[in-house]
Each structure stands twice: as C-alpha cells, then as structure tokens.
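Read the structure below first, then the notes.
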Amino acid sequence: MTAGAPVLSLRNVWWLLAALAMVGAPHAGRVPWWITALAVTLMAWRGYLARFNLGLPSRWLLLLVIAGGTAGVFVSYGTIFGRDAGVALLIIMLSLKLLELATLRDAMLLVFLGYFLVITNFLYSQTIPTALYMLGSVWFITATMIGLHFAVRYPGPAAPLRTAGVLLAQSVPLMLVFFVLFPRVQGPLWGLPRDAYAGITGLSDTMTPGSIANLSLSDAVAFRATFNGPIPNPTRLYWRGPVLWDFDGRTWSAGRPYFGKMRYETNSAPVEYTITLEPHSKRWMFALDLPARMPPATIVTWDFQILSTIPIHNRVRYEMSSYTSYRYGEEEREPVLARARRLPEGYNPRTRELARRMRGDAPDDRDLIRNVLAKFRNENFFYTLSPPPLGEHSVDEFLFATKSGFCEHYAAAFTVLMRAAGIPARIVTGYQGGEVNPITDYLIVRQADAHAWVEVWLEGQGWVRIDPTAAVSPQRVERGIAAAIPVSDPLPLLVRTDYEWLRRIRFTWDSIANNWNQWVLGYTQERQRQFLRSFGIADPAWRNLAAMLLVATGIAVLILAALVLRKLKTTVTDPVLRAYRRFCGKLARKGLPRHPAEGPADYAARLARERPELAKAVSLVSALYISLRYGTDCDPADVREFTRLVREFKA
Amino acid sequence: MAQSLDKVISQVGNVILGKDRQIRLAVACLLARGHLLIEDIPGVGKTTLAHALASSLGLAFQRIQFTSDLLPADILGVSIYERDSGRFKFHPGPIFAHVILADEVNRATPKAQSALLEAMEEHQVTTEGETRTLPRPFFVIATQNPSHQVGTFPLPESQLDRFLMRIELGYPDAEAERALLQGVDRRDLLSQLTPCMAVEELVELQQRAKRIHTSGALLDYVQALIAETRRSPDYVSGLSPRAGLALLHCARAWALIEGREHAIPEDVQAVLSSVVGHRLSPTGEADRVNGANVAGHLSRQVAIP
C-alpha cells in the first residue's frame, strides 16, 4: 500500500463484497462447484480480515492461488479460453483481487470488473428476469461506487442508492438513443464462443420410437407465430419440419435432401404470418404446409423443407405465407417414388404380412388407406406419452402387442404398412397446433407440440397428408396435446390446462416475453432499417447511423442538462434584483462580470478601480441597490429611480 | 457615537501596528457581546491588543495568566474568614472586571478552563452556594497558543463554540515591523492610552448593534452559507443554529463599525472567517481548504442571492 493513499473503510469492503456476490450469484449454478466454493471462501476471508482489521495476505500466497485456480479451470474445462472457462477464470481473479483490496483505486478497479461480470451474464441468458436482475446489479454496483466517495459524514445506505438510481434514470434517454441507433451488424456483434449453444432442444433429422415423446416433455417455446388475418383452424396448423425418407428397421432418417423448384397448385388465398423462431442449432425453418415463399438466406428442398443457410443460433424472425389447401407432386419421378417404397429386409415380418392381406382386400390405394385408419380407430389403440419400450421389430410389436404409442409410433407404423403395400409414403415431422395467446392474439408453439405425420403419394393427386394420430386421438389435432394425453402421463406443468389463473399468468408472461424478443432482442439490422424508414430515413448506412447517434446523444445530453440546470435558475420576481442582474449583465458583456459570491459594495469598488470613468454611475446604482435590498428603504419612487438608473447605465 | 468607535480603533491601531482588520474584528466582537479567542504564537501582540482595547474603551481590565496549576478559585475568588467580624468574607477573583485577558488559556487544566468558560456563558459566578453577577459589559479575550505546542490542553470543540470569534494576529508586514522596531516601547504606549468613551456609551453602542437592520435578502445569504456547510462533503459537520446567530450578530456589529444602518453581504463575508473558522473543520479529502481559508473557500462557494 502506498503511503497516504486513502484506506478503505469496513463499510466499503462490505458494500463491495455484497455487490460482487450479487453480480456473481447467477454464475454459481454454471461454474463447477469448486469455483463457487473458492470464490465464497475468498470473499469470506476478505470480510474476516476487514472485520478484525487484519493485514492482507502476502503476494506469494495469492500467486499460488492464481496458479492453482488456473490449473483447476484447465482441468475442469480442458481449456482456459472460451465462454465458460473465461467466466470461471474471471470469477476466480475477481475474488482474488478482493484480497489485494486496500486502496480506493483497487476498489474502483473492482467496481469496473463488476460491471464487466454483469455483461458476462448475458452470454448465458437474455431473458427479462436476467435483464431485470442485472439492472438491479448495475444499480447496486453504482451505489457502491458512489459510497466509496463518502469519506466522512456517511448518510446511510439510502443516499448512495438514491444517487445511483437518479444516475441510472438519467442515463435512460442515452441508453434508448444507443439502442435504436447503434449500427447493427448481421449476426452477433462478435462471435460467441463455440460452446455457447450447448443444451438446446428441438427436432432432429432422425426419429426413433420415443424421440418425439421425449421432446413433448419440454415446455420450451419452439417458435411464435403472428397471423395477419384470423388464425386458421387447428386441423390446418401443420408446421412442416424435417421430412424423413429412409428407414433402417429402427430409425427414420432424412437422408440427403434434394433441392428443386417449388411446384404446386392451389385454389385458395395464402395465409400470411410472421414467425419468430427460437434458436435450435439446426437449419430448419418451420412453416405451415405448404410454404408459398422463402425467407431470406434460405434454400428450399424439393420436399418443401425450408433450410437456413447457417444453423439457427439466434432468434430469427421471418415473414411467411402458406397455402393450406394445395396439390403438389403429381408428376413425381420414379426413383423418388421407389425411395418412398423402400423397406429394410428382415424387419417387421408380421406387418408386411398384414399389408399384403389388406392389399388383397382393397386393391384401390384410397380404400386401403381408409381401412388402415379404420383399423387404428376401431381396434383399441391407445395414444400415450409413455408407451412400453419396443424391441427389434418395433412396428410389429406396436401393431400386434402393445397397441399404445405416441405420434411417431402411429406415423411409423402407417408408413411401413403403406410401403409394404406398395404405396409411396414418407414421414413428415414438425409441430402441430399451438396455443393461442388471448392477450395479444398470437400462436405459441412449444416443443410439447412436436408431431409426426405421413404423406402418401397417390396417382392423380400427388403427395397427400395423412395423420394417423388423428384416427386414434382426434383431440390431439383438434384441441392440442394436453387434451389428448391421459392425465396420468407426465406432461410439463405449463402445458397442462387445469389451472385457469396459472394459464392467465403464463399467457401474460409469454406475451411480454414475446414483445421483448421481438423488439429488444430481435432488433436486428433489418428491424432497425424498417424502424428508421418509418421516420423517413431511407438509407441508414452505418456512417449515417453514427452521425445520427452523435446528434441524438448530443440532444439527449442537452435536454438532460436543461432539466438539471433549470433547477438552478429560478425566475426573479423582485424588480430590484431583476434590475440589478440587468446592471451586472451589462457590465459582464464588457468583460467585467460580477462573481456570484461578490457583494454589491465589493463589486462597485472593483469596478471603480478597473473603470474609473464609470465610478460615479456605478456607485449611484450600487448605493441605491444596497439600500433597497438590504436597508429599510422600500419607497416605490426609489425602486423606479433605481430601474431608471440601470436602464440608462452604459458600461 | 460612531466617531468615538473610529477613535478607539485608530488609537489601538497606533499600538498594534498593521493589524487594522483584527482590531476591527475584536471591536465588532465586543459590540456583539461575544468573547474573543486570539490564537497565535507568543510575541505577536495578543496581550498588547487586549490591554490597548480595554484602556481605550475605559474599561476595568484584569489579566489572568493561565498556568497548569491554576485553580478555579484563582479565577473566581474565595471566601476568607475574618476574625474581626467573625464571618466569611468573599474576596472577588480577577474575573470581576469588564475586560478579562485570559492569557494562554490552553495551558491550564480543563477544570480551570471550564470555570472561566462557565462564567463567560452565564455572565455570573456561583461560589459556595452564592451567585454573583459579573459587571456589564463583560468581555473575555482569551489567548491560546497553537495547540501543537508543548504543555497545552487544547480547548474542546464545545468550548471553542463559547467564543464568538477566533482571530489570528499573524506576523506584521515589513512596513509595520520597521515602524515597530523604530518606535517606542509598547508598554510605555499602553500606559499613555486614554479612554475614548464611557462605559455607558459602549453599552449604548451594543444596543445599537442589535438594532442594525438585516433584510430578508441578507438572511437568505446567511442561510445559504449555513446550508452549504451542511450539504457539502468538504466539512466534517455543518454549522449549528448558534453559529448562524453568531454570524448574524457579528455582521451587524461590523455594519455598525462601517457606519451603516443595515448589514450587507460584505459585512457577513468580513466576519465569516473569524466566526466560522473555529466551528468548521474541513474533511480529510478537502485538505486543500485547511484552517484559515476554510471560510474563504465557503464564501467563494456560495453565491449571494
């Protein structure tokens, strides 16, 4: 510690510890337990040293802990770079810095590191609760910083907190200006570390029995859709995702996509809507069957999957239009149809046998389909989220033994039956239905709404959607997953509809979260351009934006300054004082301003010294002013005389 | 009557050379019926000032040299048994005078100090169950060595507050110093001083000082000064209401000396440093405003409304 540097008081150490604990707390669940334990220990140690006024530990000991901590991070993460390891390292160093905390300068450094730790929290979560918590943290850190500068006469914790609150409130206009005008770049401002996308759920390009049922246990939002017109009937809300062609006996997979031109016929008006897709680390962009246009930076496969050119790591918002009644694929090429009839040899013999038998009963494809659906409907098939596990011949076991399954079981069984009977068929996965948020009238589609259905190819009709699940459980399609599943099945709490109040809260919250996503997190380059265009700014190139940013910042600061300064300037009603200010103003313009703390007699004396030619007039004015303002004289005639003298005074 | 004040000031100024401001402040303190603390190193004329002032005003003058073995009775007086009358007779101490010079007040023990300070506050003395009123006017000029000198009991803040003003004399400037070196012995000068006014006249002047007009605008300024000391982090604690009253009384007395019927902000500024200097301590961070210029800093900070 350098001699003479201001020493931190115990109070300031407590404040700093509390502020850092507050900022670091959300990380506690993300870093390995030993880092949390180390940080808590170091903070408690610092608190102990401060409480009993003991000396700080030696530098060598700290170096030892730094080395140990860095090694520990390397062992835990395999690296010391990247988001997770970086944050872990930052937390360790911050806690160690506390043990070097002796002077005001150290404290300020810690405060700034605390602000940085606030930012790191946003690398993990950008939700409203996180933002609010971080706002609280920033408030507290700022109050800590203000508190550092109360050397004596500390007025209690309310004063720094209030000052910090005022500071933050004053920064709001600037924050808004920066938010609206700061030039956005396509994609994130800097590349997030690669490990930032772990643990995101969503559909995949393969399907095994149970994979969609698993997904249905998550109430995470897959995407939200806002319709320009009325929301279509639930039975039409088939959100198309990966199309699965190839079956190896157990797993359905998408195989290589074909790219081609979209060709279809329709006789209906398109449905217009906007989708805000949550990141899912894959390339699909969901759209209602059948997409009529493509969002920017996408390609469409020839089986109508829309694929983004890059994996979707950020929330994407795109406008879509779809035709809900359509015909397509009537002139399908034979190799494609052959692929849609292929079945692996040696699997599901009983199903093949059944298909042959049913084919004999119904030579027409449409009759066969009707019969199979009737079989699902009339035999006691059971729709459940937790079906019994299936063995090697999964479709056989499902059709003849367990007879209970989730949508993927029905879709798979139906497709295998079709293919065995020689009808080209494929599985389409995606989402079905969704929940209308009555608060702002948009559709929430959750992972729990994941679904699988079938498309069969019929001569003269092309690809036709068949949903075998609808045969077993019509409610699934008409009223959603929660209505179709038995109460005993585990469903995420938020999808359950038992509690009306819970639903209301959930809808309101989702509505707020949606606006947050749309307008705060989703304020991308494109949105910014749209928004500025509505103000008549046609070409917001980044140079223009930077210029506008500077101008708007200047304006915001000026307005704030005007508001703050207005308090200082009160209107003067006293004619004597007003006239005297005028007198001072006249002299100030001649380079002889009165110092605010200079009395009238002193001022007059100084003026007489500096401008002897004015001495007589100045002394007249000053003497009258003094007797009017400080004496007992309040004669209106004297007031008039005084204002006249001031009016006629020439500096 | 104001002329006689001017005469007092110029007569004292002949003895204490080049210290016109301090003499005026001392007179203002007397007119405001407060007590004066002079703090400085030995030999700059503290005692001479007190003596000259008392002589010029025609007041009874007593000097008490404070030492570490001074007892309260040495100040207040004692009752002694008289064989003739068979009764105890009170022999008044040196405190029963108009002007008391309490020399080197911080060399005495706190007990002796408090005997003096209580008398200053109450304008009366209570010994052996009997209360005796002190003569009027009653004016204590205490001198104090800077507290870091050896063998001193510095006055605590609460007792410093009993003094209306604290002034420092400081070294004379070169011109005054030369005049001092060339001139006659100060003690001879002191003995030649003649009173310029009667005691009644002084009491009348004190009454007039009380009646000096202070307008709302002036009170605004005084309040602004006080508020600044309470608000600003530069001071350990703000000025008390008593300090505010002291400031106002001194400003009135100063206006009277200046020959005005009303006080103006300049009067407040003139007495500010001697009134608040010992009542206001700057905080550690505000070390730049140490000691004497704490008041200068304050008066520069506050705009005159």
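Within the listed set B:Leu256, B:Leu247, B:Leu134, the residue fluctuating most in the Gaussian network model of chain B (springs between alpha-carbon atoms under 10 angstrom) is B:Leu134. Taking Cα centre as origin and charging only the Cβ of basic (Lys, Arg, +1) and acidic (Asp, Glu, -1) residues, the dipole magnitude of chain A rounds to 2980 debye.
With 35 Å as the cut-off, how large is the P(r) tail for chain B, expressed as percent of Cα-Cα pairs?
On the way: 9387 of 46360 pairs.
It works out to 20 percent of all Cα pairs.
In this structure the amide hydrogen of B:Arg63, modeled in the peptide plane, comes within under 5 Å of the amide hydrogens of B:Leu101, none closer than 5 places in sequence on its chain. Per residue of peptide A:628-634, the mean number of Cβ atoms on other chains within 10 Å of the residue Cβ is 6.
Placing dummy labels 7 Å off each Cα toward the beta-carbon, the span from B:Leu71 to A:Ala547 is 9.3 nm.
From the alpha carbon centroid of the stretch A:574-651 to that of the stretch A:12-90 is 66 Å. Subtracting the Cα-Cα distance of A:Ala44 and A:Leu63 from their residue separation scaled by 0.36 nm leaves 5.0 nm.
Each Lys or Arg adds one and each Asp or Glu takes one away; over the other residues whose Cβ falls under 12 Å from the Cβ of A:Arg339, this sums to +2. For the stretch A:441-447, putting each phi into the Karplus relation 6.51 cos²θ - 1.76 cosθ + 1.60 with θ = phi - 60° gives couplings of 6, 9, 9, 9, 10, 9, 4 Hz, in residue order, rounded to whole numbers and with x for Gly and Pro. For the stretch B:9-131, the equivalent ellipsoid derived from the Cα gyration tensor has semi-axes of 30, 16, 13 Å, listed largest first.
Other chains' Cβ within 10 Å of B:50-57 residues: what's the mean? Walk me through the numbers before you get to the answer.
Working: counts 0, 0, 0, 0, 0, 0, 0, 0.
Counting other chains' Cβ atoms within 10 Å and averaging over B:50-57 gives 0.
Helix A:407-420 and the long axis of chain A differ in direction by around 40°, with both axes built from C-alpha atoms. Heavy-atom surface analysis with a 1.4 Å probe gives the stretch A:256-314 a carbon and sulfur content of 56 percent of its accessible area. Between the beta carbons of B:Asn293 and A:Met294, assuming R0 = 45 Å, the FRET efficiency works out to 0.05 to the nearest 0.05.
Here, the stretch B:212-301 yields an orientationally averaged convex hull projection of 5.2 nm² when only Cα atoms define the hull.
Against chain A, whose longest principal axis is taken from its Cα atoms, helix A:542-568 shows a tilt of about 50°. Here the mean projected area of the convex hull built on the C-alpha positions of the stretch A:307-417 is 11.1 nm².
Averaging over all projection directions, find the projected area of the Cα convex hull of the stretch A:205-279 and quote it in nm² with one decimal place. List each step's numbers first, then the result.
Details: hull surface 29.8 nm².
For the stretch A:205-279, averaging the hull's shadow over all directions gives 7.5 nm².
Between the Cα long axis of helix A:10-24 and the first principal axis of chain A there is an angle of about 30°, rounded to the nearest 10.
If you take the accessible area of A alone, add that of B alone, and subtract the area of the pair, what total do you get in Å², probe 1.4 Å, to the nearest 100? Could you put the intermediate results ahead of the total?
Details: alone 32990 and 14550 Å², together 45910 Å².
So the buried area, both faces added, is about 1600 Å².
Placing R0 at 41 angstrom, the Cβ-Cβ distance between B:Thr126 and B:Leu181 gives a FRET efficiency of 0.30 after rounding to 0.05.
Hey, got a sec? Which trypsin sites (Lys or Arg not before Pro) in the stretch A:239-315 land in a DSSP loop and have at most 12 other Cβ atoms within 10 Å? Could the numbers behind the result be given before it?
Working: sites: A:Arg240, A:Arg250, A:Lys261, A:Arg263, A:Lys282, A:Arg283, A:Arg293, A:Arg315; in loops: A:Arg250, A:Lys261, A:Arg263, A:Lys282, A:Arg283, A:Arg293, A:Arg315.
When the trypsin sites (Lys or Arg not before Pro) of the stretch A:239-315 are filtered for loop state and at most 12 Cβ neighbours within 10 Å, A:Lys261, A:Arg263 remain.
Remark on the stretch A:206-495: Rg and Dmax equal 18.3, 54 Å (Cα only).
After finding the eigenvalues of the alpha carbon gyration tensor for the stretch A:575-648, what semi-axes result from the square roots of 5 times each, listed largest first in whole Å? Kindly include the intermediate steps, with their values, before the conclusion.
Working: eigenvalues 76, 30, 27 Å².
One finds semi-axes of 20, 12, 12 Å for the stretch A:575-648.
Loop exposure criterion: GluC sites (Glu not before Pro), DSSP state outside H, G, I, E and B, at most 13 other Cβ atoms within 10 Å. Applied to chain A, the longest stretch between such sites is A:1-330. Phi angles of the stretch A:311-316 translate, via the Karplus equation with coefficients 6.51, -1.76, 1.60 and θ = phi - 60°, into HN-Hα couplings of x, 8, 9, 10, 4, 10 Hz per residue; Gly and Pro are given as x.
With r defined as the distance between the Cβ atoms of A:Arg529 and A:Tyr124 and R0 fixed at 30 Å, what FRET efficiency is calculated, to the nearest 0.05? Rounded to the nearest 0.05, the efficiency is 0.55.
Amide hydrogen proximity for A:Ala287: with H placed 1.01 Å from N in the peptide plane, the residues at 5 or more positions away or on another chain lying under 5 Å are A:Arg240. Take the Cα of A:Lys616, go 7 Å toward its beta carbon, and the backbone nitrogen atoms of the stretch A:579-598 under 20 Å from that spot belong to A:587. Would you calculate the separation in nanometres between label points at A:Ala25 and A:Arg647, each defined as 7 Å from the Cα along the Cα-to-beta-carbon direction? Here the answer is 6.8 nm between the modelled labels. Multiplying the residue separation of A:Glu478 and A:Arg566 by 0.36 nm and subtracting their alpha-carbon distance yields 25.4 nm. Exposed loop sites, defined as GluC sites (Glu not before Pro) outside DSSP H, G, I, E and B with at most 15 other Cβ atoms within 10 Å, are absent from the longest region of chain B, namely B:129-260.
In whole angstrom, note down how far apart the Cα centers of the stretch B:64-134 and the stretch A:237-304 are. Here the answer is 108 Å between Cα centres.
Compute the distance from the alpha-carbon center of the stretch B:164-181 to that of the stretch A:432-452, in whole Å. After rounding, the separation between the Cα centres reads 92 Å.
With the alpha-carbon atoms of the protein assembly as shown aligned to their principal axes, the span from lowest to highest coordinate is 154, 72, 48 Å, starting with the largest.
Taking 0.36 nm per residue of separation and subtracting the Cα-Cα distance, full extension of the segment from B:Lys7 to B:Arg300 would add 102.2 nm. Inter-label distance, A:Lys586 to A:Glu392: 11.4 nm, where each label sits 7 Å from its Cα along the C-beta direction. Across all C-alpha atoms in the stretch A:12-100, the radius of gyration and Dmax reach 13.0, 39 Å. Given a 1.4 angstrom probe, I'd like the percentage of the accessible area of the stretch B:2-192 that is carbon and sulfur, rounded to a whole number. For the stretch B:2-192, the apolar C and S fraction of the accessible surface comes to 49 percent. Volume per residue of the convex hull around the Cα atoms, evaluated for the stretch B:1-52, comes out as 77 Å³.
Close amide H pairs (under 5 Å, H built 1.01 Å from N) link B:Arg132 with B:Val125, B:Thr126, B:Thr127, residues at least 5 positions away or on another chain.
Averaged per residue, what accessible area in Å² does the protein assembly as shown show with a 1.4 Å probe, protein chains only? Can you show the working numbers first?
On the way: 45910 Å² over 956 residues.
Spelled out: the 1.4 Å probe surface of the protein assembly as shown, per residue, equals 48 Å².
The values are calculated or read from the model by the stated rules, or taken from the named source; none is laboratory data. Since the model is a prediction, treat every value here as computed from it, not as a measurement. Cβ: placed from backbone, ideal geometry, glycine included. Neighbour counts: every protein chain shown. Accessible surface is based on the protein model in full, side chains and every heavy atom, while ligands, DNA and RNA are left aside. Shrake-Rupley method; radii C 1.70, N 1.55, O 1.52, S 1.80 Å.
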